[in-house]
1. Over the range 156-206, one equal point on each Cα, no solvent: what is log10 I(q)/I(0) by the Debye formula at q = 0.26, 0.27, 0.28 Å⁻¹?
2. Probe radius 1.4 Å, ligands and nucleic acids ignored: give me the carbon and sulfur share of the accessible area of the chain as a rounded percent.
3. Ratio to report: Rg/Rh of the chain, with Cα atoms as the point set and Rh obtained by the Kirkwood method; give two decimals.
4. Straight-line reach from LYS107: which aspartates and glutamates fall under 12 Å, measuring Cα to Cα and dropping same-chain residues less than 8 apart?
5. Among the aspartates and glutamates, which fall within straight-line cross-link reach of LYS43, defined as a Cα-Cα distance under 12 Å, with same-chain neighbours fewer than 8 residues apart omitted?
6. I'd like the trypsin sites (Lys or Arg not before Pro) in the range 86-136 restricted to DSSP loop residues with at most 16 other Cβ atoms within 10 Å, sorted by number.
7. With charges only on Cβ, +1 for K and R and -1 for D and E, what is the dipole size of the range 218-349 about its Cα centre, in debye, rounded to 20?
8. Between the helical axis of 358-371 and the dominant principal axis of the chain, each derived from Cα atoms, what acute angle in degrees is found, rounded to the nearest 10?
Amino acid sequence: MSDSTSTRFSNTGPGTATGPTLPAAARNIAPDPIDVGGVEQGKITFENWKGDADRPEPEPPAILPPGKRLGVAIIGLGRLTLNQILPAFRQSLYAKPVALVSDRPEKAREVAKQYGIDESALYRYDDIERMAENKEIDAVYVVTPNGRHRDHVLAAAKAGKHVLCEKPMANNSAEAREMIDACRQAGVKLMIAYRCQYELFNVEAARLTQSGELGRPRIIHATNTQVQGPGEQWRMRAALAGGGALPDIGLYCLNGVRTMLGEDPVEVYAQIINPEGDARYAEVEETISYTLRFPSGVIANCVTSYGAHECKDMEIRLEKGWVSLENAFAYAGQRLYVAERHGSGEQVNEIRISPKDQFTLEIDHFADSVLNNKISHTPGEEGLQDHLLMEAIYRSAREGLPVKIDHDSVHKPIPASQR
C-alpha cells in the first residue's frame, strides 16, 4: 500500500475515526425519491428501483404497533406450538402472544420467559373461562389434540374470545356444529387453521388451476404419507384423534383438492388397509385411499398413510398442461412446476416465489379478520364441511361402495380469484 493511500484513511487526517470525510460534492447531492420513498395512508412506500427484467422488491410491511396488535392466548404447548406457531408470531404484523394455557406449569413458565409473557397470564385447561377477566387477551389459538378442541373452543367462546382452531376442527361433524353455534351465540369469530390455504405456492397453484390458462382441470393426485412411531401417542387413540391418517394428514389432501378446484365433490369411494397384527391400529386406520368425483367432471385420487415414507405432493392434470406442487402440505420446501406445449415439444417451468412462513400468514389473516371485522377464508363452516366429507369417506370404506354427497355444501371453497 502506498503512503498516499495510507494517509487517506488515517485517523490523523481530515477524516474521522470511522472513515474518510465525505467529499463536499457528495454532501450537496439531494437524495432521489426512488431512494428515500414516501408515506401514503400510514404506509411507507418505495418506487421500484429494479429494471423490468427482474422481480420487483416487495414493499416494506406495515406493522401494527405492539399496543394495537391482536392479543392471542395459545392453548396447548406441544410440538406444533413450540416448533412452528410461537416462532411464527415473531414475524407477525398484526398479532402477538399474550397468554399460555397448559397443565404443565413448569413448561408454561419456561415458555413464558422466552416470549416475554407475564406469569399472571398462565392458565390451566380447566380455567380457560377465567380469561374473560384479562383484557389483554382478544383471541385464542387452540392447539390441543382433536378430541379436546370442542371443549376448549366452547370455553373460549364463553369467555368472549375469538377463536383460531387447529385442524381437524373436532372429532366429528356434530361437535363442529356445536362449536360454530357456540361462537355465533357468543358473538365471536371462529376460524380453522388450514395453513396451506395461506401458503403462497398453494395459492398460486390454485390460481393457475382455476384461471383457465391451461384449460380445464381433469385429474388430481394428492399424497400425504409418513411413517408413524410408537403407538402410545395421542394420534393412535380414537377418542383423542377422531380417526387415524385421514383426519390427521389425509385432511390436507381433501381440503387441498377442494381449494385447488374451488368446488366440492359429489361422490366418494374409499378403501382402508391396516397391517395385520399391528396393535397401533386397533382403533385408527394406517392407510386410506379415496377417489373424489366433482361436478365439473374432475377426478381426484387421494392417498394417505402412516406407514409409507413421507411424501406431501400434489399434481393437477389439465387440458393444456400440468401443475406439480412438491411438498404441497409440508411446513417448508415447496416447489411449483408448470408444463405446457412449446412448439413441437413440452416446456416445463419452475415458478419461484419468495417464501413466507405459512403459519405467520395464517395468523395474520385471522388477526386481520378480527381487527377489521372480516369473514375469514376458512371459517368454522369450512371445517364442518370437511368433517361431513370425511364421514362419507369412512362410510364408503366400511360399505365398500361409492357414497353420493349432497350438492348443497355447508361452505363453498373460496375461489382463487377472490383470495
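1. With one equal scatterer per Cα and no solvent, log10 I(q)/I(0) is -0.94, -0.97, -1.01.
2. Summing carbon and sulfur atoms, their accessible area is 49 percent of the total for the chain.
3. Rg/Rh: 1.07.
4. Result set, ordered by chain and number: GLU119.
5. Within the straight-line limit of under 12 Å, LYS43 reaches these aspartates and glutamates: GLU59.
6. ARG90, ARG124, LYS135
7. Dipole of the range 218-349, to the nearest 20 debye: 320 debye.
8. 90 degrees
The values are calculated or read from the model by the stated rules, or taken from the named source; none is laboratory data. Values in this document were obtained by computation on a predicted structure and should not be read as measured data. Neighbour counts are summed over all protein chains in view; Cβ atoms, including those assigned to glycine, are modelled from backbone coordinates with ideal geometry. Note: areas computed on protein heavy atoms with side chains; ligands, DNA, RNA excluded. Shrake-Rupley method; radii C 1.70, N 1.55, O 1.52, S 1.80 Å.
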